[in-house]
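J.: Have a look at this one.
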Amino acid sequence: MRDWAPALVAEAIGTFLFFFIAAGAALVVTGDPAATLLVVALAHGVVLAVLVSSLGAVSGAHFNPAVTLGLWVAGKIDATKGLAYVVAQLVGGAAAGFALAWCFTDVGPAVPALGEGVDVVTGIALEAVMTVVLLLAVFGTAVDTRGPKIGGLAIGLAVAADILFGGTLTGAAMNPARWFGPAVAAGAFDNWYVWWIGPFLGAVVVALLYRYFFAPPDTA
């Protein structure tokens, strides 16, 4: 466990910084909904790209329980270390939520929520599909040795693209910790399982594809 300390600290700090900047953008920007969505998408994508590139060598820069689950299913991390990662991510997310509450008082707008006309089943499906896009970027550019090593660029772009599509539908969290942090600070837990089940389903789909179909022949 002591050997994991740098990685766990990196996961907690990276998750905190990711959500403080990204979720904070939803609290800072007001006005035209389309412009707000664009700014929030860019804030998420850019800060994630920076943090993945900066901390990837320390912990792998998961910052997301769904990413950690996917890597466990694919055999890239053991269960005990994966669970420790998830705890660190949730701690970092909650710290970001309370820090934002201290700065802005009301963090409700930063909590992912289902849009008008979007039911729970649809929300889960949307979160799953968007998480597939994110996990494909993670596996394809950060895990697969054959892929281009382009830092966090592709991962950040995947998150930004998903938010542009699904931000008004589900909040496009793709990340249980992204929901958890501001939700705990705001005390807003409506339909909480959407942002756990959806991302986990998407992560498992991609992990199984990479483990049994996309892996190089000598590692499958």
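The values are calculated or read from the model by the stated rules, or taken from the named source; none is laboratory data. Keep in mind it's a predicted model, so treat the numbers as computed, not measured. Note: ideal-geometry Cβ built from the backbone for every residue, glycine included; neighbour counts use all protein chains shown.
J.: Would you point out which residue out of Ala43, Ala12 is closer than 14 Å to Ala88 by Cα and either surrounded by fewer than 21 Cβ atoms within 10 Å (Cβ to Cβ) or within 14 Å of the chain's Cα centre (by Cα) (or both)?
T.: Numbers: Ala43 fails: closer than 14 Å to Ala88 by Cα.
Answer to the selection: Ala12.
J.: Assess whether Pro182 counts as being closer than 20 Å to Gly45 by Cβ and part of a helix (DSSP H, G or I).
T.: The answer is yes for Pro182.
J.: Can you tell me which residue among Ala177, Ala186, Ala215, Ala203 is among the small types (Gly, Ala, Ser) and closer than 21 Å to Val39 by Cβ? Before the answer, list the steps.
T.: Numbers: Ala177 fails: closer than 21 Å to Val39 by Cβ; Ala215 fails: closer than 21 Å to Val39 by Cβ; Ala203 fails: closer than 21 Å to Val39 by Cβ.
After ruling out the rest, the residue left standing is Ala186.
J.: Another one. Which residue is farthest from Phe98 (Cα to Cα), if the candidates are limited to segment 169-185 and must be out of contact with any Pro (no Cβ under 9 Å at 6 or more places or on another chain) and among the aliphatic types (A, V, I, L, M)? Break it down into steps so the answer makes sense when it comes.
T.: Initially, segment 169-185 is screened for residues out of contact with any Pro (no Cβ under 9 Å at 6 or more places or on another chain), giving 169, 181, 184-185.
Filter once more, keeping what is among the aliphatic types (A, V, I, L, M): 169, 184-185.
Values: Leu169: 25, Val184: 8, Ala185: 5 Å.
Here the residue is Leu169.
J.: In segment 195-220, how many are closer than 29 Å to Ile21 by Cα and either among the hydroxyl-bearing types (Ser, Thr, Tyr) or within 14 Å of the chain's Cα centre (by Cα) (or both)?
T.: So the answer is 9.
J.: Any residue at all in segment 201-208 that's in contact with a helix residue (DSSP H, G or I) (Cβ under 9 Å, 6 or more places away or on another chain), modelled with pLDDT under 95 and within 18 Å of Ile77 (Cα to Cα)? If you could, list the steps in order and put the result at the bottom.
T.: Taking segment 201-208 as the starting set, the residues that turn out to be in contact with a helix residue (DSSP H, G or I) (Cβ under 9 Å, 6 or more places away or on another chain) are 201-208.
With the extra rule that they be modelled with pLDDT under 95, the set shrinks to none.
No: segment 201-208 contains no residue that is in contact with a helix residue (DSSP H, G or I) (Cβ under 9 Å, 6 or more places away or on another chain), modelled with pLDDT under 95 and within 18 Å of Ile77 (Cα to Cα).
J.: Same structure again: Please pick out the residue among Thr30, Thr36 that is farther than 19 Å from Lys76 by Cβ, free of Cβ contacts under 8 Å to residues at least 40 places away in the same chain and in a loop (DSSP other than H, G, I, E, B). Spell out the reasoning first.
T.: Numbers: Thr36 fails: in a loop (DSSP other than H, G, I, E, B).
Answer to the check: Thr30.
J.: Only one of Ile163, Ile197, Ile155, Ile150 is of a type in the set (Val, Ile, Thr) and touching a His at 6+ places or on another chain (Cβ under 7 Å); which? Can you show your working first?
T.: Numbers: Ile197 fails: touching a His at 6+ places or on another chain (Cβ under 7 Å); Ile155 fails: touching a His at 6+ places or on another chain (Cβ under 7 Å); Ile150 fails: touching a His at 6+ places or on another chain (Cβ under 7 Å).
Every option except Ile163 fails the conditions.
Every residue, every condition in (1) assigned to a helix (DSSP H, G or I); (2) crowded, with 18+ Cβ neighbours inside 10 Å, yes or no:
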position	(1), (2)
Ile77	no, yes
Val87	yes, no
Ala96	yes, yes
Ala101	yes, yes
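J.: Moving on. Return the residues of segment 103-118 that are hydrophobic (A, V, I, L, M, F, W, C) and buried (at least 24 other Cβ atoms within 10 Å of the Cβ); say none if nothing qualifies. Give the derivation first.
T.: The initial filter retains those residues of segment 103-118 that are hydrophobic (A, V, I, L, M, F, W, C), namely 103-104, 107, 110-111, 113-114, 118.
Result: Val107, Ala110, Val111.
J.: Name the single residue, out of those in segment 24-55 being at pLDDT below 95 and polar (S, T, N, Q), that is nearest to Gly108 (Cα to Cα).
T.: Out of the qualifying residues, it is Thr30.
J.: So Ala61 clears everything in (1) in contact with a Pro (Cβ under 8 Å, 6 or more places away or on another chain); (2) part of a loop (DSSP other than H, G, I, E, B) except one condition, right? Which one?
T.: Tallying (1) in contact with a Pro (Cβ under 8 Å, 6 or more places away or on another chain); (2) part of a loop (DSSP other than H, G, I, E, B), Ala61 fails exactly one: (1).
J.: Report yes if Asp3 is touching a helix residue (DSSP H, G or I) at 6+ places or on another chain (Cβ under 9 Å), over 15 Å from Val159 (Cβ atoms) and of a type in the set (Asp, Glu), otherwise no. Working first, answer last.
T.: Details: touching a helix residue (DSSP H, G or I) at 6+ places or on another chain (Cβ under 9 Å): no; over 15 Å from Val159 (Cβ atoms): yes; of a type in the set (Asp, Glu): yes.
No; evaluated as a whole, the condition is false for this residue.
J.: Got a number for residues in segment 141-187 being closer than 18 Å to Pro65 by Cα and small (Gly, Ala, Ser)?
T.: Residues that pass the stated criteria total 10.
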